[in-house]
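One structure is given here, and the rest of the page talks about it.
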Amino acid sequence: MGVMAKTSTTTQGLRAAIERSGYYPALVAEAVEAAVGGEPIRSYLVHQETTFDQNEVRRHVTVLVLTDHRFIVSHTDEQAADSTSPTPYATTSTESVKLSRISSIVVSRVVANPESYKPGTLPREVVLTIGWGAVSRIDLEPAACGDPNCEADHGYTGNSTADDLSLRVSEAGDGPETVRQALVFAQALSEATADSAR
C-alpha cells in the first residue's frame, strides 16, 4: 500500500496497530498514509473508543503520528443510516500540524497506591492533552473581592485553555500496551517540539 508498505519497523508497527484495532483498517490506513506522505514515522498511537448513544453502539478511532516535521491526527467515526444516507457510513478526517505550532502537551497520570509507587510502574490511566491553537476554550466566572459584603461589579475572571485534542487511555479499558504506547508517544512528541523550538 504505497508509502506505508515500506520496511520501516515503526511503519509496520503502525500498520499492525491499525489492523489490530479492527476498525475499518483499510480506510484508516489509507487516510493516515495520505497525510504522512513520504515522511518517516518517529512515533504513533492508535486508540479506539466505543461509546453508547441511546440504543446504538458507536466506534471512533484516533491515530496520532509523529514525523520529523509534523504531528498528524486522524479521526474516523461511524454513523448509522439517517436522513442524509440510507446506508451506514464512516467519516475520516486528518489534520497535519507543524511541530513548531504545538503550544502545549499535558500528560496526566493516574497511579494506584501512590504511597508504594515504584519508578517505572505503569500508570492505571493516562490523559494526553495537546494544544496547537486550533481550538481554545474560555471559562469565565464573575470576579469578586475579599469583602463578603461588597456588592460592586468586579467584572469577570477566567482562563483560556488550548484544548485541541484530549485522549484518555486506561489499563482496564485499553490494555497496558496502549497505556505504554501513549507514554512513549507523549515523550517523543515533547522531545520533537523541544527540538523544533531550538
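The values are calculated or read from the model by the stated rules, or taken from the named source; none is laboratory data. For clarity, every value in this text was computed on a predicted model and none was experimentally measured. Cβ atoms come from the backbone with ideal geometry, glycine included; neighbour counts cover every protein chain shown. Protein only, heavy atoms only, side chains kept; ligands, DNA and RNA dropped before computing areas. Shrake-Rupley method; radii C 1.70, N 1.55, O 1.52, S 1.80 Å.
So that you can scan it fast, the table gives a plain yes or no per residue for (1) among the polar types (S, T, N, Q); (2) over 14 Å from the mean Cα position of the chain (by Cα); (3) modelled with pLDDT of 90 or more; (4) over 26 Å from residue 126 (Cα atoms):
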{"residue": "7", "(1), (2), (3), (4)": "yes, yes, no, yes"}
{"residue": "47", "(1), (2), (3), (4)": "no, no, yes, no"}
{"residue": "50", "(1), (2), (3), (4)": "yes, yes, no, no"}
{"residue": "92", "(1), (2), (3), (4)": "yes, yes, yes, no"}
{"residue": "107", "(1), (2), (3), (4)": "no, no, yes, no"}
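Residue under question is residue 76, and the condition is that it be out of contact with any Pro (no Cβ under 9 Å at 6 or more places or on another chain) and over 25 Å from residue 187 (Cβ atoms); does it hold?
So residue 76 fits the description; yes.
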*Complete set of residues in the range 60-81 that are of a type in the set (A, V, I, L, M) and surrounded by 12 or more Cβ atoms within 10 Å (Cβ to Cβ)*: 61, 63, 64, 65, 66, 72, 73, 80
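Tell me yes or no: at least one residue of the range 82-95 is assigned to a strand (DSSP E or B), of a type in the set (Val, Ile, Thr) and open to solvent by less than 30 Å² (accessible area, probe 1.4 Å). Outline the logic, then answer.
Step one: filter the range 82-95 for residues assigned to a strand (DSSP E or B), giving 82, 85, 89-95.
Still in the list and also of a type in the set (Val, Ile, Thr): 91-92, 94.
Filter once more, so that each one left must be open to solvent by less than 30 Å² (accessible area, probe 1.4 Å): none.
No, there is no match, as no residue in the range 82-95 is assigned to a strand (DSSP E or B), of a type in the set (Val, Ile, Thr) and open to solvent by less than 30 Å² (accessible area, probe 1.4 Å).
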*asked:* Considering only residues that are part of a strand (DSSP E or B), without any contact (Cβ under 8 Å) to a residue 60 or more places away in the chain and farther than 24 Å from residue 28 by Cβ, which ones fall in the range 96-108?
replied: 104, 106, 108
